1. In the Gaussian network model of the chain, springs joining C-alpha atoms below 10 Å, which of Val252, Val313, Val304 carries the largest mean-square fluctuation?
2. Helix 46-58 versus the longest principal axis of the chain: what angle, 0 to 90°, nearest 10, using Cα atoms?
3. If Rh is defined by the Kirkwood formula over all Cα pairs and Rg also comes from Cα, what ratio Rg/Rh do you get for the chain?
4. In percent, how large is the relative contact order of region 135-226, given Cα pairs closer than 8 Å and 6 or more residues apart?
5. In percent, how large is the relative contact order of region 1-78, given Cα pairs closer than 8 Å and 6 or more residues apart?
6. Using a 1.4 Å probe, what is the accessible area per residue for region 61-211, in Å²?
7. Rounded, prolate or oblate, given the Cα gyration tensor of region 27-178, with a/c below 1.5 counting as rounded?
8. What longest range of the chain stays clear of loop-exposed trypsin sites (Lys or Arg not before Pro) (DSSP non-H/G/I/E/B, at most 13 other C-beta within 10 angstrom)?
Amino acid sequence: MRAEPTLPHLPSVLTREQVAETAASIAAMQEPCGAIPWAPGEHTDLWNHVEAAMALTVGGEVAAAERAYGWAVTMQRQDGSWPLKIVAGEVADASGETNVSAYLAVGVWHHWLLRRERDFVARMWPAVRRGLDFVVRLQLPFGGIAWSEEWLDGRPGRANEEALLAGSSSIHHSLQAGVALAELVGDPQPGWELAGGRLAHAVREHRDLFLDKSCWSMDWYYPVLGGVLRGRAGLDRLAEQWDRFVRPGLGVLCVDHNNWVTGAETCELVMALESLGDHDRALRLFAEMQHLRDTGGRYWTGFVYPENVNWPVEHTTYTAAAVLLAADALTGATPAAGVLGGAGLPGPFAEIGLRCGCPSPDRVAGVSAHPA
């Protein structure tokens, strides 16, 4: 019989009982079909849905997590994408976002590390493969990934041929998880590795070619959280904008022009810091954001100051999920604790077959990389 992973526990910050309570609060907001919306009555998108499923697994709500993964497979379209917004089982926004459609790979790899269930991986692998194939197809010449493809009259339409830095960084993480799963199931995907190398190169060398979303904190820390910038490069990246986005005692701003700190962004920065070995600052930020915790283990989305009010007036599953995943990263309680910082994932990908005009090692050596 499998021994269940220990729940995360941070003395004087978050107890195992509180972790279990927060996981139960996410499960309570899950719809009967398995979907996990942002909040009751709101929409579901696959990225945040998978994030919540991972948190459910960390918090011991395994049956709810597996219902969530089962629902995800039923909503995938033939081209490998998922609708962006689903409300009570109905598609509210049919466009296919690449970041959203890539993220199932991270969830399945996370579940494997915790549960070691090969049957689960085998069931999920076709959906992971179709999702990442859809994403790689939309890679732009400079290496970034087009952020979405429109849907018209039930069919794929025009691709929005601009890339988001945060979204592409998250896709890099998903490609790492996808390659790990491909190795596990014995179905190698060299095209994903090639795409991952081009993408990492773009995030490091061509940030000016992504859409300018620099007012959002996600654009600041996601190149670290997505596993592209490691070590000194990652620490330097976070140092660049620390004072711009971090509010001591409260958390991390969502955008630089509003006095609004948000729990999910704070916890994602916690995981980015932890992935770089900056445990002290990560733990301090995590402790400071606990002012967003409410009754029943739920978490407010954010906090506006100096008015000192929680806004919006809702508890979101994605905020609670980020809390549990950050708690796991900080404690190493489960075998999947480091996944969201890239621990144990393949990489760095070789930066070959570049199409951006930069020197490419394969061209220098006279070797032609097979195009993805």
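1. In the Gaussian network model the winner is Val313.
2. Taking Cα atoms only, the helix is inclined about 60 degrees.
3. When Rh is taken as the Kirkwood radius, the ratio is 0.95.
4. Once divided by the residue count of region 135-226, the mean separation gives 35 percent.
5. Contact order relative to length: 28 percent.
6. Per-residue value: 38 Å².
7. Note, shape of region 27-178 comes out oblate.
8. Here the longest run is 117-372.
The values are calculated or read from the model by the stated rules, or taken from the named source; none is laboratory data. These figures come from a predicted structure and were not determined experimentally. Here Cβ is always computed from backbone atoms with ideal geometry, including for glycine, and neighbour counts include all displayed protein chains. Accessible surface is based on the protein model in full, side chains and every heavy atom, while ligands, DNA and RNA are left aside. Shrake-Rupley method; radii C 1.70, N 1.55, O 1.52, S 1.80 Å.
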